[in-house]
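The structure appears right after this line, and notes come after that.
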Amino acid sequence: MTTTPTKSPEAPAPPPGSTPAPKTAATKVPQGHKRLLTRRDRLTLGLMAGLPTILHVALVWVTALASILLAFTTWDGIGFDSIEWVGLHNFSELFTNNPQFWPAVEHNIVWFVVLILIPTPMGLFLAVQLDKQIRFSRVYQTAFFLPVVMSLAVIGFVWQLIYNPDTGLINSIIGANKPGHYIDWIGDPDLNLWAILIAASWRHTGYMMILYLAGLKSVDPSLREASALDGANEWQTFKNVIFPTLRPTNTVVLVVTIIEALRAFDLVFVFNKGAEGTELLSILVTNNIIGESSRIGYGSAIAVVLLVISLAVIIPYLIATFRKERRA
C-alpha cells in the first residue's frame, strides 16, 4: 500500500496593512554600526588635512600678521633684539619722504587701466568668436591660453629677446637696429613701462578669454533664439541680451584684473628690476626687505599699504558673493 506524504499546512500570510509579528529571540538584531575608519585611516586623514593646514597658517597667516607688526618697527633682520618700536614713523616717511612711493602707486594704477582697457576687451572679443564653434576652436583656445600657463619669468625672457635693441624682432622690422637709430625699449624711461605692459597684456588676454568663454557657455540658448525671432542682429543680441547676462563674469574679471595689477612683479623684475621708470609697490617691498639696506620694518609698511588696497577690493566682492549665495 502506497502512502502519499502529507504537507504541513503553511501559516497564512498576514493581511496587507497589518503589523508584522514581533521578532523572536532567534532573530539577529544589529548591535550598533561598524566603525568604517580604522585607527590607521584616521591617522592618515589627520596628516593629509593637518599638514597643509599647518603650512597654510604658518606661511600665510603668521607671516601676514608678522608683517603687520613689523611695519611699526625698525629691524635690520639681524637678531630679534634689534627690533625697535617706532609707531607710525615708517608710514609717515613713506608718504612724505620717499620719492619712489607715489610713482610706484601711479604705475600700479596705469597697469590696471591698461589691463582693463586693452586685453580685457580683446579677451571678450576672442571668447565671442570662439563661442561660435568655429573650425579648430580648440586649437585657438590652446594657443591663446598658452601664455597664461607659462611662467611670467619665461615670458619676460622671451620679450627681452623681442625688445633687444640690436637683434630684437621689433627693431629689426622697423629698421631701428642700426648704429645711431637704436630704440632702447627697456632702458628708456619713457618707453620701458609701456613695453612691459604690452607683454603683460599679451598674457592677460588669454586669461580674460577663458573667463569670458566660461561665462558665455552658461548663457541660456533660448535667449539667443528669442532674440533672433524678434529680428535682432548679432550685435543687438550681444549688446542687449548676452552682455547683461555676463554681469557675474564681469565682476570676477574686474576683481582679477585689480589683483593682477597690484601683484605685478615678475615681468618688471626680469626686465630691469623696477628701475628707471618702472617702479611698482611690489618692487619697493622687495628692494627694502631683501635689498642691500635690509629695512624690513619699512618694507613691511609698504606691504601693509599693498595689503590694505587689496582688501579694499576683495572684501566687497566677497560680501556681495556671500549675499548672493544666501539669496539663492
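The table below gives the values:
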{"quantity": "Among the residues listed as 187, 231, the single one being at positive phi and assigned to a loop (DSSP other than H, G, I, E, B)", "calculated": "231"}
{"quantity": "Boolean, residue 71 is under 27 Å from the mean Cα position of the chain (by Cα), over 24 Å from residue 278 (Cβ atoms) and open to solvent by less than 40 Å² (accessible area, probe 1.4 Å)", "calculated": "yes"}
{"quantity": "Every residue from region 155-171 that is among the hydrophobic types (A, V, I, L, M, F, W, C) and open to solvent by 70 Å² or more (accessible area, probe 1.4 Å)", "calculated": "157, 161, 169"}
{"quantity": "Region 53-67 residues that are touching a residue at least 12 places away in the same chain (Cβ under 8 Å), paired with ones that are polar (S, T, N, Q) (beta carbon under 6 Å, 6 or more apart)", "calculated": "67/300"}
{"quantity": "Residue in region 216-228 that is modelled with the lowest pLDDT, counting only those that are assigned to a helix (DSSP H, G or I) and open to solvent by less than 30 Å² (accessible area, probe 1.4 Å)", "calculated": "227"}
{"quantity": "Region 238-251 - residue that is assigned to a helix (DSSP H, G or I) and in contact with a helix residue (DSSP H, G or I) (Cβ under 6 Å, 6 or more places away or on another chain) and, of those, modelled with the lowest pLDDT", "calculated": "241"}
{"quantity": "Residue list for region 246-262, restricted to those being surrounded by 16 or more Cβ atoms within 10 Å (Cβ to Cβ) and among the charged types (D, E, K, R)", "calculated": "260"}
{"quantity": "For residue 197: the one exception among (1) in contact with a Leu (Cβ under 7 Å, 6 or more places away or on another chain); (2) more than 23 Å from residue 315 (Cβ to Cβ); (3) part of a helix (DSSP H, G or I); (4) not acidic (Asp, Glu)", "calculated": "(1)"}
{"quantity": "So residue 264, is it in a loop (DSSP other than H, G, I, E, B) and not acidic (Asp, Glu)", "calculated": "yes"}
{"quantity": "Filter result (open to solvent by 20 Å² or more (accessible area, probe 1.4 Å) and of a type in the set (A, V, I, L, M, F, W, C)) within region 268-279", "calculated": "269, 270, 275"}
{"quantity": "Enumeration of residues in region 252-276 that are modelled with pLDDT under 85, small (Gly, Ala, Ser) and touching a helix residue (DSSP H, G or I) at 6+ places or on another chain (Cβ under 7 Å)", "calculated": "274"}
{"quantity": "Given (1) surrounded by fewer than 18 Cβ atoms within 10 Å (Cβ to Cβ); (2) out of contact with any helix residue (DSSP H, G or I) (no Cβ under 6 Å at 6 or more places or on another chain); (3) without any contact (Cβ under 8 Å) to a residue 60 or more places away in the chain, index of the condition residue 282 fails", "calculated": "(1)"}
{"quantity": "Condition check for residue 265: out of contact with any Leu (no Cβ under 8 Å at 6 or more places or on another chain) and open to solvent by 50 Å² or more (accessible area, probe 1.4 Å)", "calculated": "no"}
{"quantity": "Count of region 289-315 residues which are assigned to a helix (DSSP H, G or I) and surrounded by 12 or more Cβ atoms within 10 Å (Cβ to Cβ)", "calculated": "17"}
{"quantity": "Those residues of region 194-223 which are more than 30 Å from residue 245 (Cβ to Cβ) and either basic (Lys, Arg) or under 23 Å from the mean Cα position of the chain (by Cα) (or both), in sequence order", "calculated": "196, 197, 198, 199"}
{"quantity": "Pairs where the first residue, in region 237-261, is of a type in the set (S, T, N, Q) and the second is modelled with pLDDT under 90 and open to solvent by less than 30 Å² (accessible area, probe 1.4 Å), C-beta under 7 Å, 6+ apart", "calculated": "237/227; 245/219"}
{"quantity": "Flag if residue 213 is of a type outside the set (S, T, N, Q), open to solvent by less than 60 Å² (accessible area, probe 1.4 Å) and in contact with an Asp or Glu (Cβ under 9 Å, 6 or more places away or on another chain)", "calculated": "yes"}
{"quantity": "Test: residue in region 131-139 that is surrounded by 12 or more Cβ atoms within 10 Å (Cβ to Cβ), out of contact with any strand residue (DSSP E or B) (no Cβ under 7 Å at 6 or more places or on another chain) and in a helix (DSSP H, G or I)", "calculated": "yes"}
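The values are calculated or read from the model by the stated rules, or taken from the named source; none is laboratory data. On a predicted model such as this, the values are computed, not experimentally measured, just so you know. Heads up, the Cβs are rebuilt from the backbone with ideal geometry, glycines too, and the neighbour counts pull from every protein chain shown. Surface areas here come from the heavy atoms of the whole protein model, side chains and all, with no ligands, DNA or RNA. Shrake-Rupley method; radii C 1.70, N 1.55, O 1.52, S 1.80 Å.
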